[in-house]
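S.K.: Structure provided below as structure tokens; questions to follow.
Nothing in this text is a laboratory measurement; each read-out follows from the coordinates by a stated rule. It should be emphasised that the depicted structure is a prediction, and the values quoted were computed from it without experimental measurement.
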């Protein structure tokens, strides 16, 4: 097995892009979970959506600035740190306040894998 089959290394600026999304999952050839980086420009929003049809659990890790997240109609300010965990039962959208923001979005099917006892 060659190194290129065992691992993939890409810098953020090498990720394939669609608009403000850096497609980490596609660029790193991930198959077990989703992971993308989104830059949310001033005044921009990510449309409301939920992960019910795909049975996804999603975590948004804010990397810079403080976007507002509207979860089930209630606004929450997300500061840089792992904060919100969203289950398939929660409709949600992310909405910035008055400054640009960057977030890492990680998701996987709720039925995948086993919880690690030590973590």
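S.K.: Under the 0.36 nm per residue contour assumption, what length would be gained going from the current alpha-carbon distance of residue 63 and residue 44 to full extension?
M.R.: Working: separation 19, 0.36 × 19 = 6.84 nm, distance 1.68 nm.
Length gained between residue 63 and residue 44: 5.2 nm.
S.K.: Let me ask you something else. Taking 0.36 nm per residue of sequence separation and subtracting the Cα-Cα distance, how much length would be gained by fully extending the chain between residue 110 and residue 32, in nm to one decimal?
M.R.: 26.9 nm
S.K.: Right, something else. How much length, in nm to one decimal, is gained on full extension between residue 21 and residue 7, taken as 0.36 nm per residue of separation minus their Cα-Cα distance?
M.R.: 2.8 nm
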